[in-house]
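Asks: I have a structure here, written as structure tokens, and I will follow up with some questions on it.
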Amino acid sequence: MQYQNLLCIGDSQTFGARTYGCYPLYLAQILTQKTPYQWRTINRSVNGYTARDLWFLLGNEIEQTTDTFQVCILIGTNDVGNDTPIDLFEEYYRQIIRTLLIKRYKAIFCGEIPSIYPDGHIFFCRETTEKRKQYNAVIKKLLAEQQSTYWVEFNTLDRQCYVDPVHFNEQGNIQVAESFAQAILER
């Protein structure tokens with residue numbers, strides 16, 4: 001069997017909180033249908049994680065993940081909601097990318113921090129929708145500094161793809177998976 005492994009790391013949006021499916025599950029399905037390979041996604045995400053938390057997790061997880069040379073990253077929504085200092089967010093994100101490059105990952109697909117839809121949630125108010133743009137600008141800047149990194153936008157996500165201000169429903173998970181799949185296939 002010809003196969004490809006794909007590591008997916010992040011927070012509750014990668015984990016698939018509030019739904020039974022998750023974008024990594026659909027991503028493997030889409031890529032298997034569109035390529036000659038059997039795809040296995042390895043979902044190493046944790047609900048509530050920030051870039052800092054992911055950096056700590058990655059130090060342990062990356063050593064256990066073998067035969068894997070591509071990764072999808074979706075992290076930052078909790079940083080926006082927690083008002084993480086943007087300079088610290090930038091350095092943790094930089095360290096995440098650096099760790100993956102040192103471990104010889106050939107393609108690092110970084111998803112934009114998806115839209116936030118305020119509805120009274122204590123961590124995700126109207127102010128967070130503007131902050132999100134600043135954090136995304138940091139990610140884009142970091143990707144411009146590195147080879148083998150790719151920016152992934154989620155242009156098809158709208159309010160109908162969410163169950164609350166930040167978590168995707170099944171339709172949202174599928175659309176995020178399709179965006180990552182498109183980026184992988186265009187590489």
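The values are calculated or read from the model by the stated rules, or taken from the named source; none is laboratory data. Worth saying up front: this structure is predicted, and the values here are computed from it rather than measured. Cβ placement follows ideal geometry from the backbone for every residue including glycine, while neighbour counts extend to all protein chains displayed.
Asks: Pairs, please: C-beta under 6 Å, at least 6 apart or cross-chain, first residue under 16 Å from Gly48 (Cβ atoms) and in segment 63-84, second outside any helix (DSSP H, G or I) and of a type in the set (Phe, Trp, Tyr)?
Replies: Here the result reads Gly81/Phe123; Gly81/Phe124, each pair linking segment 63-84 to a residue that is outside any helix (DSSP H, G or I) and of a type in the set (Phe, Trp, Tyr).
Asks: Still on this structure, please answer the following. Starting from residues that are surrounded by fewer than 21 Cβ atoms within 10 Å (Cβ to Cβ) and β-branched (Val, Ile, Thr), keep the ones in segment 114-137 and report whichever is nearest to Arg159 (Cα to Cα).
Replies: Per the criteria, the residue is Thr129.
Asks: Looking at segment 145-170 only, could you name the residues that are in contact with a strand residue (DSSP E or B) (Cβ under 9 Å, 6 or more places away or on another chain) and not in a loop (DSSP other than H, G, I, E, B)?
Replies: Thr149, Tyr150, Trp151, Val152, Cys161, Tyr162, Phe168
Asks: Surrounded by fewer than 21 Cβ atoms within 10 Å (Cβ to Cβ) and either aromatic (Phe, Trp, Tyr) or touching a His at 6+ places or on another chain (Cβ under 7 Å) (or both): is that true of Tyr26 in this structure?
Replies: Criteria not met by Tyr26.
Asks: Would it be correct to say that Phe124 is over 27 Å from Leu185 (Cα atoms) and in a loop (DSSP other than H, G, I, E, B)?
Replies: Criteria met by Phe124.
Asks: Residues that are over 20 Å from Cys161 (Cα atoms) and either modelled with pLDDT of 95 or more or not charged (D, E, K, R) (or both): which helices (runs of 4 or more DSSP H) entirely in segment 1-94 hold 2 or more of them?
Replies: In segment 1-94, 23-34, 51-64, 77-82 are the helices (runs of 4 or more DSSP H) which contain 2 or more residues that are over 20 Å from Cys161 (Cα atoms) and either modelled with pLDDT of 95 or more or not charged (D, E, K, R) (or both).
Asks: I'd like the residue in segment 90-133 that is without any contact (Cβ under 8 Å) to a residue 12 or more places away in the chain and of a type outside the set (Val, Ile, Thr) and, out of all such residues, is farthest from Trp55 (Cα to Cα).
Replies: Gly120
Asks: Condition first: crowded, with 16+ Cβ neighbours inside 10 Å, over 21 Å from Asn169 (Cβ atoms) and either among the aliphatic types (A, V, I, L, M) or in contact with a His (Cβ under 9 Å, 6 or more places away or on another chain) (or both). Can you find one or more residues in segment 69-82 that meet it?
Replies: Among the residues of segment 69-82, at least one is crowded, with 16+ Cβ neighbours inside 10 Å, over 21 Å from Asn169 (Cβ atoms) and either among the aliphatic types (A, V, I, L, M) or in contact with a His (Cβ under 9 Å, 6 or more places away or on another chain) (or both), which makes the answer yes.
Asks: Oh, and also: Any residue at all in segment 106-113 that is surrounded by fewer than 20 Cβ atoms within 10 Å (Cβ to Cβ), over 13 Å from the mean Cα position of the chain (by Cα) and either at pLDDT 95 or above or among the hydroxyl-bearing types (Ser, Thr, Tyr) (or both)?
Replies: Yes, because at least one residue in segment 106-113 is surrounded by fewer than 20 Cβ atoms within 10 Å (Cβ to Cβ), over 13 Å from the mean Cα position of the chain (by Cα) and either at pLDDT 95 or above or among the hydroxyl-bearing types (Ser, Thr, Tyr) (or both).
Asks: Being closer than 19 Å to Leu6 by Cβ, out of contact with any Gly (no Cβ under 6 Å at 6 or more places or on another chain) and charged (D, E, K, R) is true for just one of Arg187, Arg132, Arg159, Arg126. Which residue is that?
Replies: Of the residues listed, the single one that is closer than 19 Å to Leu6 by Cβ, out of contact with any Gly (no Cβ under 6 Å at 6 or more places or on another chain) and charged (D, E, K, R) is Arg187.
Asks: Moving on. When only residues in segment 138-162 that are among the hydrophobic types (A, V, I, L, M, F, W, C) and more than 19 Å from Ile97 (Cα to Cα) count, which is surrounded by the fewest Cβ atoms within 10 Å (Cβ to Cβ)?
Replies: Among those that are among the hydrophobic types (A, V, I, L, M, F, W, C) and more than 19 Å from Ile97 (Cα to Cα), it is Leu157.
Asks: Report whether or not Glu170 is more than 21 Å from Leu7 (Cβ to Cβ) and touching a residue at least 24 places away in the same chain (Cβ under 8 Å).
Replies: For Glu170, the condition - more than 21 Å from Leu7 (Cβ to Cβ) and touching a residue at least 24 places away in the same chain (Cβ under 8 Å) - is met.
Asks: Can I ask one more? Please go through segment 47-59 and pick out each residue that is out of contact with any Asp or Glu (no Cβ under 7 Å at 6 or more places or on another chain) and farther than 17 Å from Asp87 by Cα.
Replies: Phe56, Leu57, Leu58, Gly59
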